[in-house]
Amino acid sequence: MWAQVWGFLYNNFLRLWLKWVLRLLTGKCELQRLLGGAEAGALRTLSVEHSLEASKNKVLRNAVHVEETEVEKCVRDIMKEKRIEQKDTRFKTNLHISLLQISGYKKLYLNVENLRKVPYDSENEEHEEQLIELWHLLMPHENLKARISKQWCDIGFQGEDPKTDFRGMGLLGLVNLVYFSKHYTNEARQILSRSNHPKLGYSYAIVGINLTEMAYSLLKNGTLKGHLYNMVSGLPQMEHFHQFYFYEFDKFWFEEEPESIMHFNQYREKFHEKIKGLLLDYSVVLTLQDTKKP
């Protein structure tokens, strides 16, 4: 209750008073102070985003919903509203980057959500091609004898037909598995091999889909903003979401040494909390280096 009261007082009275005092002392508005002082990255963009959302000015509030194609015009409009000279190229450039990151994050979430809503369709040739590609990436020396086969269990699916395992995350689960296997092939094969450990083994594909759901939830609630704002000085793309995939989970699993796979949900939540803790750091970037040569 007291936290809510404090939040109300701060946002409606103290913050406005503090902004007014700082403007008198520095001769600059809040956006000028944020964009002129902080280094590029999550802290600056998150601060700009909060400042725009909390503004009483309609032009500034609407800026967090601007489309990519309207970013340049939006920057000019904000500078006009705040009476900032258009020749201030540093302010203009930094605001442009921040607005691209903010609008890009929202667009990325919509793209991920749309992919999640697409059910795996075994009659869809593209879906089937991606599934077969996953097999070849992970098992290059073993032929898949049939589309419906117990061999799928070798890469961590639950039964003879993987399509049933994609019901929760839709096509997003498959796309994430393929991306990781294609761009981090050595790591993917090593993790697959370790997942067959006689005591600490787990179902590679099922865990991968489960981790996709975890990454999706972090994207949806905004927790991944810091990671993506640090990672991309512009528009975050689908590939940047994929790069978050499977971050250190295998290492975490073996360090924890669970008694059995039956305790997976417990350790998944523990891993989830660990990642959320890391994402509280404004300098965080959770990604692996691409092992493929350019």
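The values are calculated or read from the model by the stated rules, or taken from the named source; none is laboratory data. This is a predicted model, so every value here is computed, not measured. Here Cβ is always computed from backbone atoms with ideal geometry, including for glycine, and neighbour counts include all displayed protein chains. Ligands, DNA and RNA are stripped out before the accessible areas are found, and what is left, the full protein with its side chains, is counted by its heavy atoms. Shrake-Rupley method; radii C 1.70, N 1.55, O 1.52, S 1.80 Å.
With n ≥ 4 as the cut-off for DSSP H runs, can you work out [θ] at 222 nm for the chain, using -39500 (n - 2.57) per run divided by the number of residues, rounded to the nearest 500? Each step should come with its number before you reach the end.
Numbers: 15 runs with 175 residues, N = 294.
Counting only the DSSP helices, I get -18500 deg cm²/dmol.
Defining a contact as two alpha carbons under 8 Å apart and six or more residues distant in sequence, what relative contact order in percent does the chain show? It would help to have the intermediate numbers written out before the result.
Details: 315 pairs, mean separation 56.1, N = 294.
About 19 percent, as a whole number.
Simple spin-label model, 7 Å along Cα-to-Cβ: residue 118 to residue 248 in nm?
Distance between label points: 3.2 nm.
What is the percent carbon and sulfur in the accessible area of the chain, measuring with a 1.4 Å probe over the protein chains and ignoring ligands?
Values: 8550 of 16310 Å².
In the chain, the share of accessible area belonging to carbon and sulfur is 52 percent.
Solvent-accessible area per residue for segment 122-280 at a 1.4 Å probe radius, Å²?
On the way: 7500 Å² over 159 residues.
For segment 122-280, the per-residue accessible area is 47 Å².
With only alpha-carbon pairs counted, each pair once and no self-pairs, how large is the Kirkwood hydrodynamic radius of segment 104-169 in angstroms?
Values: mean 1/r = 0.0754 Å⁻¹.
Its Kirkwood hydrodynamic radius stands at 13.3 Å.
Leaving ligands, DNA and RNA out of it, work out the accessible area of residue 214 with a 1.4 Å probe and give it in Å² to the nearest 10.
Accessible surface of residue 214 is approximately 10 Å².
For segment 76-225, rounded, prolate or oblate, judged on the Cα gyration tensor with a ≥ b ≥ c (square roots of eigenvalues), a/c < 1.5 rounded, else prolate if a/b > b/c? Let's see the in-between values first.
Numbers: a/c = 3.05, a/b = 2.55, b/c = 1.20.
Note, shape of segment 76-225 comes out prolate.
Quick one: Cα centre-to-centre distance for segment 44-95 and segment 170-198, in angstrom?
Going from one Cα centre to the other spans 41 Å.
Note down the accessible area of residue 225, probe 1.4 Å, to the nearest 10 Å².
The accessible area comes out at roughly 40 Å².
At q = 0.08 Å⁻¹, what is the log10 ratio I(q)/I(0) for the chain, with the Debye formula run over Cα points and no solvent?
-0.45
Let me check something: with ligands and nucleic acids excluded, how do 145, 92, 270 order by accessible area (1.4 Å probe), largest to smallest? Walk me through the numbers before you get to the answer.
Numbers: 145 180, 92 70, 270 100 Å².
From most accessible down to least: 145, 270, 92.
Listed here are the pairs 182/276; 182/270; 28/274; which of them are more than 30 Å apart at the Cα? Walk me through the numbers before you get to the answer.
Details: 182/276 26 Å; 182/270 28 Å; 28/274 39 Å.
Result: 28/274 exceed 30 Å.
Label segment 163-286 by shape, choosing from rounded, prolate and oblate, from the square roots a ≥ b ≥ c of the eigenvalues of the Cα gyration tensor; if a/c is under 1.5 it is rounded, and otherwise prolate applies when a/b is larger than b/c, oblate when it is not. Provide the component values of the computation, followed by the final result.
Working: a/c = 1.70, a/b = 1.38, b/c = 1.23.
In terms of gyration-tensor shape, prolate.
Which entries in 199/251; 56/225; 58/92; 117/145; 58/107 show an alpha-carbon gap greater than 26 Å? Could you put the intermediate results ahead of the total?
Numbers: 199/251 15 Å; 56/225 24 Å; 58/92 19 Å; 117/145 30 Å; 58/107 21 Å.
Pairs exceeding the cut-off: 117/145.
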